[in-house]
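Peer 1: Once you've had a glance at the structure underneath, I'll fire off some questions.
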Amino acid sequence: MAPLLIVVAVAMIPAPAAAQYTESTYFETWTDFRTIYNFSSRFRYDGDYAFRAALSTADFTQVAIRPAARFEVEPWLRLHGGVGWFHTFFRNAEDVDELRPWLGIRVPWPRFGGWVVSNYFRLELRAFNFRTGGDWDVVWRARYQLQVRSPDFTIGSAQGFYALAFVEPFHNFGSFLEGISVDRVRLNAGAGKNMAGGWRVELNAMFQKGRVREGSGGFDLDEFILRLRLFYSFN
């Protein structure tokens, strides 16, 4: 499965940028806290609360709230839906609000020897407000995530560890919005641990390739991200 992820990743990495695009690199930390409430064995609520910041520059920080719901139609088919609110604080520009309603389909297949390959398709409407009281600019985006997760394993006397990796290309429909990063591909490798009392923790190393258009040019953006994810299930 690792060779397949590498092949997909290489295929999705864009060609070198044209002359009018410069290169920019950020080092960032993302922290996410997800709460889960199971209404039944098939229907549950997921609530994400996130904070993101760049370590290499003070250009921006971001907070987000993303309530969502999931329904399991069959063991191999899950429907997702939700809406996200993102507020980005910029040091040298006006802050930006984004509303992001979305629908997704997850197909956790195939499964073999405790390993799970997950295919996730998602369609998002991204509505941006760049000026207080101004109009909203809208763009549609599709994304596909190919993820593989290992069976649980033991380290020493500690149980409940697992590993995961994914590649996730993005596609924007229509024109690009000036000043907004357009994601092309995201690569992730991480590990997690199931803990007592409904808690789970994950630590992920992520690389994200994007492009920001500004006027007749812009810059290609490489983001190296350390992402901490905390999960808590009420039941």
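Peer 1: For L77 and F33, calculate 0.36 nm times their separation in residues minus their Cα-Cα distance, and state this gained length in nm to one decimal.
Peer 2: 13.4 nm
Peer 1: If you don't mind, another one. In whole percent, what relative contact order does region 72-112 give with Cα contacts below 8 Å and a gap of six or more residues?
Peer 2: Across region 72-112, relative contact order equals 46 percent.
Peer 1: Of G192, G217, G47, which is the most mobile in a GNM of the chain whose springs link Cα atoms less than 10 angstrom apart?
Peer 2: It is G217.
Peer 1: On C-alpha positions alone, give me the angle between the axis of helix 2-12 and the longest principal axis of the chain, in degrees, nearest 10.
Peer 2: Approximately 20 degrees, to the nearest 10.
Peer 1: Okay, next question. Using Cα pairs closer than 8 Å and at least 6 residues apart in sequence, work out the relative contact order for region 2-233, in percent.
Peer 2: Dividing the mean separation by the residue count of region 2-233 yields 18 percent.
Peer 1: Mind telling me which of N204, N92, N194 comes out most flexible in a GNM of the chain, alpha-carbon contacts under 10 Å?
Peer 2: Of N204, N92, N194, the Gaussian network model singles out N92 as fluctuating most.
Peer 1: Same structure, new question: How much FRET efficiency would the formula 1/(1 + (r/R0)^6) give for L230 and L125, where r is the Cβ-Cβ distance and R0 is 22 Å, rounded to 0.05?
Peer 2: Using R0 = 22 Å, I get an efficiency of 0.20.
Peer 1: Equivalent-ellipsoid semi-axes (√(5λ), Cα gyration tensor) for the chain, whole Å, largest first?
Peer 2: Here the semi-axes work out to 31, 21, 18 Å.
Peer 1: When Lys and Arg each count +1 and Asp and Glu each count -1, what net charge do the other residues less than 9 Å away from W85, Cβ to Cβ, add up to?
Peer 2: 0
Peer 1: Once the Cβ-Cβ distance between A163 and W136 is put in as r, and R0 is 41 Å, what FRET efficiency do you end up with, to the nearest 0.05?
Peer 2: The formula returns an efficiency of 0.55 here.
Peer 1: Run lengths n ≥ 4 of DSSP H only: what is the helix-derived mean residue ellipticity at 222 nm for the chain, with -39500 (n - 2.57) per run over all residues, to the nearest 500?
Peer 2: -1500 deg cm²/dmol
Peer 1: Please return the longest stretch of the chain lacking exposed loop sites, where chymotrypsin sites (Phe, Trp or Tyr not before Pro) count only if DSSP places them in a loop and at most 13 other Cβ atoms lie within 10 Å.
Peer 2: 77-233
Peer 1: Using a cut-off of 11 Å between beta-carbons, work out the net charge of the residues near A53 (Lys and Arg +1, Asp and Glu -1, A53 not included).
Peer 2: Net charge around A53: -1.
Peer 1: Nearest 0.05, what FRET efficiency do T154 and E94 give at R0 = 35 Å with Cβ-Cβ as r?
Peer 2: Calculated transfer efficiency: 0.10.
Peer 1: Connecting C-alpha atoms closer than 10 Å in a GNM of the chain, tell me which of E124, E223, E23 has the biggest fluctuation.
Peer 2: E23
Peer 1: Using each residue's phi in region 77-92, evaluate 6.51 cos²θ - 1.76 cosθ + 1.60 at θ = phi - 60° and report the 3J(HN,Hα) Karplus result to the nearest Hz, with x for Gly and Pro.
Peer 2: 9, 10, 9, 10, x, x, 9, x, 10, 10, 10, 10, 9, 10, 6, 10
Bear in mind that the values in this text are calculations on the coordinates, not laboratory data. These numbers were taken from a predicted model, which means no experiment stands behind them. Counting neighbours? That spans all protein chains shown, and the Cβs are built from the backbone with ideal geometry, glycine included.
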